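Asker: Got a structure here, written out as C-alpha cells. Questions coming.
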Amino acid sequence: MNINISRRNAAKSFLAVAAGGMIPSLKGEAVTTGAKGYDETIRTQVCVIGGGSGGTGAALAAARAGVDVVLLERDSILGGTATSSFVNVWRPVTGGDGIPRELFMAMARDPSALTLPANCDLNSYYIKSQLGPRNIAGKNVKRGVGVTFEPRAMDYTVRSLLDATGRCKILFSTTFYRAHLKDNKIVSIEAWFKGKRILIQASVFIDCTADGDVCADAGCAYHMGEDPKSRYNEPHAPEKARMLLNGLTLCYRITDTGVKQKPYLPEEIKENSCSLSACYDRMPNGDIVAIADHHIDIHGSGHFKCPFPKAPFGIPLRCLQPKGVENLMIACRAAGFSHIASGAARLQRTLITLGQAAGNAAAMAVEKNVRVDQVDVKELQARLVKQNVTITA
Ligand SMILES: Cc1cc2nc3c(=O)[nH]c(=O)nc-3n(C[C@H](O)[C@H](O)[C@H](O)COP(=O)(O)OP(=O)(O)OC[C@H]3O[C@@H](n4cnc5c(N)ncnc54)[C@H](O)[C@@H]3O)c2cc1C
C-alpha cells in the first residue's frame, strides 16, 4: 500500500463541507502586491513558516547571512515542541556545535534558565551533552547528560538573537493557510492573523511547520507512516507500508455521559516493531550538512530495544530540498527522512542545525538568484564550518 494523501485536498473538502461550498484552488494564481482581498501584503527575501527548532535555526541563519526574513509562527512563543509542548530537553546527541551551542551559552547567562550541577563548567557540560549513546563491541553504552531548559528562556533567548540580526520580522499568532504557485515556484503564501488575511511574497520559503504543511499544500509528494523495504532498500523496513505514526499522548476532557466506556489504544501503536541500524549505514555521503548519532527512537514502539549507532551519521542537504518546487526548502521533522531514519534525525539540536543549513542555503539562493537545488554545496559546507557546524564525524 502506497500511502500518499493530499492534505490540500483533504483540507479543501473539509472546509467545503464546513462552509457548505467549494473552496477554489489557488494553485497557479498570480498574485501581486496590493492584491484584492488581503488586509496586508508583505514582501521579503526569505519566509520561514513555523518557529520551532528547525524554524528558529533557519530564520537566524538566513537573517545572519544578510537577507530579510519573515518568520511566521501560529503560537505566541518560539521553540515549538520544545517550549509549547514542554519537551524542554535536549537529549545527548553529537553535532549541535553551531546555533544550539550558542543558544545553550546564551541561556546559561540566566541562572534560572538551565538545570545544571553546582559550579558547572559550561564548556565541559556541553561537550558531555553531545556524547550520544553508542554500541561499543556489541554493548549499548549510555553516555552523556541532557540539557534541560526553561521554555520561557528558550523563547526569549531565540527572540533576542533574532532581534539582534535587525533583519527578521516575527509574525506571532499567524497561521500559514495556503501556498500560491506559478511555474513550479511559490510566489506567495496566504496566512491569517486574528481574522486578517495576509499575503506574504518571498524569493525562498522554508517549511518548518513540523508536519510539512507548506510542502503538502504546494503539491510536493510525500508519504506518511512506515515505508516498505522496497522504497529505500532498508533491510529492517517491513515488506509492506503501513500507516503507522509516532505514538502520541491522548488527552481527554472527561464528561459523564452516562455511557459505559472501554479503554482504547490504537492497534498500530501496540504492534509496531522498530527496524534498526540499517539506516545509519545508508546515510549517504557528499552533501552532508549536519551529523547526529541518536538511536532510532520511534515512540510507542519499544524504542529502547533499538541498538545504538556505532558512529555518527551524516545528514545530506538533499533531505531539505523537496522535489517539484524550486524555491522551497524544508527544515523540520518532516524533512526527507525515511520513517526509520526520522526516529534518529528528529532531535531538536539536529533540527536546529538542519535549519541553520537551510537558512544559509536559502540566503545563498537569494544572493545568487538560483534555485535552492542549485546552491553550491561545497560553498555551503564551508560557510557552515565557519559557523562551527560539525559536518564530519
Ligand atoms: C513526546 C516527545 C518527546 C521528545 N523528546 C525529545 C527529547 O528529549 N529531546 C529532543 O531533542 N527531542 C525530543 N523530541 C523530538 C523533538 O522535540 C521534535 O522532533 C522537534 O521538536 C520537532 O521540531 P520541528 O522544528 O520539526 O517542529 P516544532 O518544534 O513542533 O515546530 C513547528 C512550529 O511550527 C508551527 N506551525 C505549525 N503549523 C503552522 C502553520 N500552519 N502556521 C504557522 N505556524 C505553524 C508550530 O506552532 C510550531 O511552533 C520529542 C518529541 C516528542 C513528541
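The values are calculated or read from the model by the stated rules, or taken from the named source; none is laboratory data. What you see is a predicted model, and the numbers here were worked out from it, not measured in a lab. Positions of Cβ are generated from backbone atoms using ideal geometry, with glycine treated the same way; all protein chains shown enter the neighbour counts.
Asker: Return the total of residues in segment 331-343 being within 11 Å of the ligand (Cβ to nearest atom) and assigned to a helix (DSSP H, G or I).
Answerer: Total meeting the criteria: 2.
Asker: Let me ask something else. Do any residues in segment 60-75 that are touching a residue at least 12 places away in the same chain (Cβ under 8 Å) and more than 16 Å from the ligand (Cβ to nearest atom) have Cβ atoms under 6 Å from those of residues that are assigned to a strand (DSSP E or B) and not β-branched (Val, Ile, Thr), where the two are at least six apart or on different chains, and which pairs are they?
Answerer: Filtered contacts from segment 60-75: 63/168.
Asker: Given the residues 271, 226, which is the only one that is modelled with pLDDT under 75 and over 26 Å from residue 136 (Cα atoms)?
Answerer: 271
Asker: Looking at this structure, is residue 44 more than 9 Å from the ligand (Cβ to nearest atom) and at pLDDT below 95?
Answerer: No: the conditions fail for residue 44.
Asker: Residue pairs, Cβ under 6 Å, 6 or more apart or interchain, first in segment 87-110 and within 15 Å of the ligand (Cβ to nearest atom), second basic (Lys, Arg) and modelled with pLDDT of 95 or more. List them.
Answerer: What qualifies is 90/349; 93/349; 96/349; 100/349.
Asker: Going through segment 206-231 one residue at a time, which ones are away from the ligand (no atom under 12 Å from the Cβ), under 24 Å from residue 69 (Cβ atoms) and surrounded by fewer than 24 Cβ atoms within 10 Å (Cβ to Cβ)?
Answerer: Result: 220, single match.
Asker: Within segment 34-90, which strands (runs of 3 or more DSSP E) (wholly inside it) include 1 or more residues that are touching a helix residue (DSSP H, G or I) at 6+ places or on another chain (Cβ under 7 Å) and within 21 Å of residue 156 (Cα to Cα)?
Answerer: The strands (runs of 3 or more DSSP E) meeting that bar are 46-49, 69-72.
Asker: Also, I was wondering about something else. Exactly one of these conditions fails for residue 163: (1) within 19 Å of residue 41 (Cα to Cα); (2) more than 15 Å from the ligand (Cβ to nearest atom). Give me its number.
Answerer: That leaves (1) as the condition not met.
Asker: Does at least one position in segment 149-163 carry a residue that is more than 29 Å from residue 386 (Cβ to Cβ) and part of a helix (DSSP H, G or I)?
Answerer: Looking through segment 149-163, at least one residue is more than 29 Å from residue 386 (Cβ to Cβ) and part of a helix (DSSP H, G or I).
Asker: Cβ contacts < 7 Å: first residue over 15 Å from residue 79 (Cβ atoms) and at pLDDT 95 or above, restricted to segment 344-356; second residue near the ligand (Cβ under 9 Å from one of its atoms) and outside any helix (DSSP H, G or I), any location; separation 6+ or different chain. Result?
Answerer: 350/93; 354/331; 354/335
Asker: Taking the condition surrounded by fewer than 20 Cβ atoms within 10 Å (Cβ to Cβ) and in contact with a helix residue (DSSP H, G or I) (Cβ under 6 Å, 6 or more places away or on another chain), does residue 133 pass?
Answerer: No: the conditions fail for residue 133.
Asker: Within segment 173-186, does at least one residue satisfy the condition of being assigned to a strand (DSSP E or B) and closer than 13 Å to residue 56 by Cβ?
Answerer: No: segment 173-186 contains no residue that is assigned to a strand (DSSP E or B) and closer than 13 Å to residue 56 by Cβ.
Asker: Something else now. Can you name the residue in segment 138-154 that is surrounded by 21 or more Cβ atoms within 10 Å (Cβ to Cβ) and not β-branched (Val, Ile, Thr) and, of all such residues, is farthest from the ligand (Cβ to nearest atom)?
Answerer: Applying the filter and picking the extreme gives 153.
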